[in-house]
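Right, one structure below, let's go through it.
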Amino acid sequence: MDKPFKYGMSVDNEHFTDRKEETKRLKRNFESGVNVILISPRRMGKTSLVKRVKSEINNDKIKVVLMDIYDCRSEYEFYNRFAETILKQTAQRVDLIMENIKKFLVRLTPKVSFGTDPYAEFSVSLGITPKNYSPEEILSLPEEIAKEQGIQIVVCIDEFQQIGELQDSLTIQKRLRGIWQHQKNVSYCLFGSKKHLMTNLFQNKRMPFYQFGEVMELMPIATADWVTYIQSRFVEVGMTISESFAERICNTVRNHSSYVQQLAWNVMVETDKEVDEESFQNGYRALLAQSSSFFQEQIRTLSSYQLNFIRALCSGIHKNFGGKAVMEQFRFGSKSNIARVKTSLIEKELIEENGKGELVLSDYIFQQWFENEYM
Ligand SMILES: Nc1ncnc2c1ncn2[C@@H]1O[C@H](COP(=O)(O)OP(=O)(O)O)[C@@H](O)[C@H]1O
Ligand SMILES: [Mg+2]
């Protein structure tokens, strides 16, 4: 049997809860060819949601293609991933894929490698380089295939913010947008978690992808939905958890999807039959311990000014960092140093703006851990 609670990978079936509205909206956008930009903090549920919507579309005329580009370090690595995924996911069998490669990318000699098990995944390596194909030709590929097969294709690109990290990124973004926006039979769902990077790519007027599509920000799942889910998972294994402990699990992690599942699992491990204060506390301590080495690594290289800035946030100060009292209590170096400290912590994804012009820590569990260890 699967673990009753699951975290660290995208989830489906019995591990997937709620998201009814988001599923409906994303599905409608996919079906009507509307481009979508999906943003949320990491491990909030983007990948799970997109996979869910993909599985719910059972219309032969719509193909949803899903790729992750987190490890693409250059423009052509991206084009290879792009073309390989599209070719693989728009045909059912290897021979059909090879046929399509011959049809659409005649100048290539692709390599296909199989696993030892005949049913296992196989991989296609196309070997696209600037010598054999131009960016424009590769970027037009889904439109060509869609036209030929008489279908609509939805291309989903996970960790899209990686595009912003490539050398000559602006030129590349102009290329992508220039071609994609004219495609009639293809739409795009671009998603990623590095919020400041995603925001810069899509919500900055000067950037090529500005107003490319509908921006969806994935919010936390509501407590009531989590409580139902958590209680049912406990019942499944013959245990019980009261509504109030289930709510405390949510509150403790501010409903952050992955942490809810992790904490619920920790509490379950500590429980015999029914969750009590002791099993709850033990589960919570385990969560902090499990996260500790990752957090430690995140702050390992921080300067004392940066650490002080985090201390200020933990103390409830969220704006006016240059004020006299704040400067006296927390040492940030000079006043002009504050802007630098802010920018660097935002780039490290440790802090973010909350929409009210205030700065907050991005991860509430990190905050609790930091308060325990460094305050
Ligand atoms: N709809 C959901 N229902 C239950 N748990 C979820 C849901 N979405 C996400 N999670 C939890 O969050 C974790 C991360 O989900 P994932 O889809 O990988 O997030 P992201 O792509 O935003 O980083 C999952 O392993 C799971 O524990
Ligand atoms: Mg993801």
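The values are calculated or read from the model by the stated rules, or taken from the named source; none is laboratory data. The shown structure was predicted, so the numbers you read here are calculated from the model rather than taken from an experiment. When we count neighbours, we look across all protein chains shown, and the Cβ atoms used for this are built from the backbone with ideal geometry, even at glycine. Protein only, heavy atoms only, side chains kept; ligands, DNA and RNA dropped before computing areas. Shrake-Rupley method; radii C 1.70, N 1.55, O 1.52, S 1.80 Å.
Data for the structure
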quantity	calculated
Flag if residue 317 is touching a residue at least 60 places away in the same chain (Cβ under 8 Å), farther than 18 Å from residue 256 by Cα and either open to solvent by less than 30 Å² (accessible area, probe 1.4 Å) or under 29 Å from the mean Cα position of the chain (by Cα) (or both)	no
Where residue 305 falls short, out of the listed (1) of a type in the set (Phe, Trp, Tyr); (2) open to solvent by 70 Å² or more (accessible area, probe 1.4 Å); (3) closer than 30 Å to residue 48 by Cα	(3)
Flag for residue 258 being of a type in the set (S, T, N, Q), at pLDDT 95 or above and within 16 Å of ligand 2 (Cβ to nearest atom)	yes
Every pair of residues 6+ apart whose Cβ atoms lie under 7 Å, when the first sits in the range 243-256 and is farther than 17 Å from residue 17 by Cβ while the second is surrounded by 19 or more Cβ atoms within 10 Å (Cβ to Cβ) and not small (Gly, Ala, Ser)	245/275; 245/280; 248/280; 252/263; 252/284
Flag for residue 68 being more than 7 Å from ligand 1 (Cβ to nearest atom), among the acidic types (Asp, Glu) and in the same structural domain as residue 147 (by TED's automatic domain parsing)	yes
Residue 37 being surrounded by 15 or more Cβ atoms within 10 Å (Cβ to Cβ), farther than 30 Å from residue 364 by Cβ and more than 12 Å from ligand 2 (Cβ to nearest atom)	no
Lone unmet requirement of (1) open to solvent by less than 40 Å² (accessible area, probe 1.4 Å); (2) away from ligand 1 (no atom under 16 Å from the Cβ) for residue 221	(2)
Residue identified as closer than 20 Å to residue 15 by Cα and open to solvent by 70 Å² or more (accessible area, probe 1.4 Å) among 260, 235, 227, 267	235
Residue ID - farthest from ligand 1 (Cβ to nearest atom), chosen from residues in the range 23-33 that are open to solvent by 40 Å² or more (accessible area, probe 1.4 Å) and either touching a helix residue (DSSP H, G or I) at 6+ places or on another chain (Cβ under 8 Å) or assigned to a loop (DSSP other than H, G, I, E, B) (or both)	32
Residues being among the charged types (D, E, K, R) and closer than 27 Å to residue 208 by Cβ - total across the range 25-70	8
Segments classed as helices (runs of 4 or more DSSP H), wholly inside the range 123-217, with at least 2 members that are open to solvent by 10 Å² or more (accessible area, probe 1.4 Å) and at pLDDT 95 or above	135-139, 141-149, 169-180
Qualifying residue in the range 53-62 (condition: within 13 Å of ligand 1 (Cβ to nearest atom), touching a residue at least 12 places away in the same chain (Cβ under 8 Å), in contact with a Leu (Cβ under 7 Å, 6 or more places away or on another chain) and in the same structural domain as residue 192 (by TED's automatic domain parsing))	yes
Subset tally (residues that are touching a strand residue (DSSP E or B) at 6+ places or on another chain (Cβ under 8 Å) and either surrounded by fewer than 12 Cβ atoms within 10 Å (Cβ to Cβ) or not in a strand (DSSP E or B) (or both)) for the range 343-369	6
Among residues of the range 50-72, those that are more than 13 Å from residue 158 (Cβ to Cβ) and assigned to a strand (DSSP E or B), counted	2
Residue check, residue 242 buried (at least 20 other Cβ atoms within 10 Å of the Cβ), at pLDDT 95 or above and not β-branched (Val, Ile, Thr)	no
